[in-house]
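Report on the following structure.
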Amino acid sequence: MRSSRSFSAPLLLLLLTGSALAGQKTKAPSTYDIPLPSRPDFSALEWLIGDWAGHTTDVSTGKETEGIVHLTLSYALEKRFLQVHEEISLPAGKTAPALHETWTGFLSADPSGHGFVLRVFSSTGFMTQYHVTVRDDRASFDPQGGANPPPGFLFRRVIARLGPGFFSESVEVAPPGGAFFPYYSAKLTQVLEQQPSPPQAAAPHSISPAPASQSPHVSP
């Protein structure tokens, strides 16, 4: 009797453990479905999408100056963002030293539902944010701080469409405690990709007629 009791308890434990494992094997795996935000509507900015290049212009006369600006806007990440890339080379002026800066930003819909948000990462190390509003053919970029903005300085820009294939860009800066003043302006035209020239048709190969056969010359 003692031996039969000593085996009954371990046997019952094995049966319970086996039934628990069987229940775990038959349990359906959990699935998680994360709802995605709606895709932004960038139709108001379609006229800006593309590759653009130009020179800075004199604020008072509008004449072309030595500064160079290259701006590119393209869709990114399943068209949920617009990638904005700009390269600027400015000569030294009366109020600022020479500058060469490259920056890249991602433009997305503003969570408030009004306008867009542009987050910019610059070769200078600054990280800034802008609120972007679009009215007709005019886009305004107003400063909203950022993770690491220029201390005390504020920058804002306006891009205005002048016609099919070209627009103007105006940038203003406000020093610490000061008012905004013109920093630079530029006129940019769309850079169109050159299409490869069609191969030239080969000239028809002319076949010269065979020389007429001559009768053998026999000497007298």
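The values are calculated or read from the model by the stated rules, or taken from the named source; none is laboratory data. Bear in mind that the values here come from a model prediction, so they are computed numbers and not experimental data. Methodologically, a virtual Cβ is constructed for each residue, glycine included, from the backbone with ideal geometry; neighbour enumeration extends over all protein chains shown.
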Consider only pairs whose beta carbons are under 7 Å apart and that are at least six residues apart or on different chains; among these, list those whose first residue lies in region 54-66 and is closer than 9 Å to LYS187 by Cα and whose second residue is part of a loop (DSSP other than H, G, I, E, B).
-> THR57/LYS63
Are there any pairs with C-beta distances below 9 angstrom linking a residue in region 172-185 that is farther than 24 Å from ILE68 by Cβ and touching a residue at least 24 places away in the same chain (Cβ under 8 Å) to a residue that is exposed (fewer than 11 other Cβ atoms within 10 Å of the Cβ) and of a type outside the set (Ser, Thr, Tyr), with the two at least 6 apart or on different chains, and if so which?
-> PRO176/PRO151; PRO176/GLY152; GLY177/GLY152
Is region 70-85 home to any residue that is within 23 Å of ALA174 (Cβ to Cβ) and small (Gly, Ala, Ser)?
-> no
Tally time: how many residues in region 38-94 are within 22 Å of ARG135 (Cα to Cα), in a strand (DSSP E or B) and more than 12 Å from the chain's Cα centre (by Cα)?
-> 1
Search region 107-133 for residues that are under 18 Å from ILE88 (Cβ atoms) and pair each with any residue that is surrounded by fewer than 18 Cβ atoms within 10 Å (Cβ to Cβ) and hydroxyl-bearing (Ser, Thr, Tyr) when their beta-carbon atoms are under 6 Å apart and the residues are at least 6 apart or on different chains.
-> PHE121/THR104; SER123/THR102
Which of the residues that make up region 57-87 are within 22 Å of PRO164 (Cβ to Cβ) and at pLDDT below 95?
-> THR57, GLY62, GLU64
Unmet criterion (only one of (1) modelled with pLDDT under 95; (2) surrounded by 10 or more Cβ atoms within 10 Å (Cβ to Cβ)) for TRP52 | (1)
